[in-house]
1. Taking H as built 1.01 Å from N, whose amide H comes closer than 5 Å to the amide H of residue 267, not counting residues under 5 places away?
2. So what is log10(I(q)/I(0)) for the chain at q = 0.07 1/Å, when the Debye sum runs over its Cα atoms only?
3. Could you pull out every residue, at least 5 positions away or on a different chain, whose amide H is within less than 5 Å of the one on residue 50? Hs are placed 1.01 Å off N in the peptide plane, and Pro or chain starts have none.
4. So how far apart, in nm, are the two label points at residue 2 and residue 272 if each is 7 Å from Cα heading toward Cβ?
5. Would you kindly state how much longer the chain becomes between residue 80 and residue 199 on full extension, computed as 0.36 nm times their sequence separation minus their alpha carbon distance, in nm to one decimal?
6. Among 267, 229, 101, whose mean-square fluctuation peaks in a Gaussian network model of the chain (Cα, cutoff 10 Å)?
7. Count neighbours as other Cβ atoms within 10 Å of each site's Cβ, and list the GluC sites (Glu not before Pro) in the range 204-288 that are DSSP loop with at most 12 such neighbours.
8. If you add up the charges near residue 72, with Lys and Arg at +1 and Asp and Glu at -1, over every other residue whose beta carbon is less than 14 angstrom from its beta carbon, what do you get?
Amino acid sequence: MSSNQIALKNVVSMETLTNAEVLSLIKRGIEFKNGAKAHYDEQHIIANLFFEPSTRTHKAFEVAELKLGCDLLDFDSKTSSINKGETLYDTILTMSALGVDVCVIRHPEVDYYKTLVESPTITTSIVNGGDGSGQHPSQSLLDLMTIYQEFGHFDGLKIAIAGDLDHSRVAKSNMQILKRLGAELYFAGPDVWRSEEFADYGQFVTLDEVVDQVDVLMLLRVQHERHDDDSLFSKENYHKMHGLTQERYDRLKDTAIIMHPAPVNRDVEIADHLVEAPKSRIVEQMTNGVFVRMAIIESVLNGRKK
Ligand code: CP
């Protein structure tokens, strides 16, 4: 048994994980990537409930669960009783009553998970697949796994998070944990999308001021679906002012890496031809997402044995 196998009741926010738990999940993800197997004698039923669109998170959780030998319960929000007025609480209460072990949930409401994990009757474990512009712990853990694989540590790394900061659960999850792990953070992007909460975690800069100094450039998707009015938005202007152009790519350190949670708006956050450039780890992030999610699911299944 690996010392990186931990037991957690739920995984809903990076704020509720200790540094030691985060490092164990990353290292267990790397063990899975290197071929480690998990064996369960008993049946485990998992429901993936996605109330917002998703390709990577939804499908990476499914692949992770299949690799662990779990049974997946089909759930489609479009045909569920949500359409007859059922609340999220009642959907999860039902899953719990049916004997579902783990619910992986993506939902547009920030903090939706709080009432679920505090409920004395809901016994199913909750894994947050993203709550509005709140938290995205599995994305954060796969990002950390990607950085750890590259550098072997976080302490002292210069990391710029650039783009649509206010609407990004990826930015919020990552800034909290990266600061706790000793990284030096910079925030870049349009002023209208960066609120003062980021000032507690790092320094506001322009991308041009730091692009030649950072170890990690973490680009964020422009989240049009969360904007009230995008009528003045210009893809060309955004790319020129805040995006990764070839000129900025050429100024990166030789050892620097580029990350993006994806989906990518090509030629907006990053030039189309740079998505798979040598310094890009965007495809690696997606692959790591399977293995770190295996570690997450394993940890909550372990938590249910306690
Ligand atoms: N990065 C991410 O969460 O992608 P999806 O929305 O496709 O799951």
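1. The answer is 272.
2. The calculated log intensity ratios at q = 0.07 Å⁻¹ are -0.27.
3. The list, which skips near neighbours in sequence, is 77, 106.
4. In this crude label model, residue 2 to residue 272 measures out at 3.9 nm.
5. 38.7 nm
6. Answer for the Gaussian network model of the chain: 229.
7. On the way: sites: 209, 225, 236, 247, 269, 276, 284; in loops: 269, 276.
Here the sparse-neighbourhood loop sites are 276.
8. Details: positive: 59, 67, 293; negative: 62, 65, 71, 74, 76, 101.
Result for the local shell: -3.
The values are calculated or read from the model by the stated rules, or taken from the named source; none is laboratory data. Just so it is clear, the model here is predicted, and its values are computed rather than measured. Here the Cβ is made from the backbone with ideal geometry for all residues, glycine too, and neighbour counts use every protein chain on show. Side chains included, ligands, DNA and RNA excluded: accessible areas come from the protein's heavy atoms. Shrake-Rupley method; radii C 1.70, N 1.55, O 1.52, S 1.80 Å.
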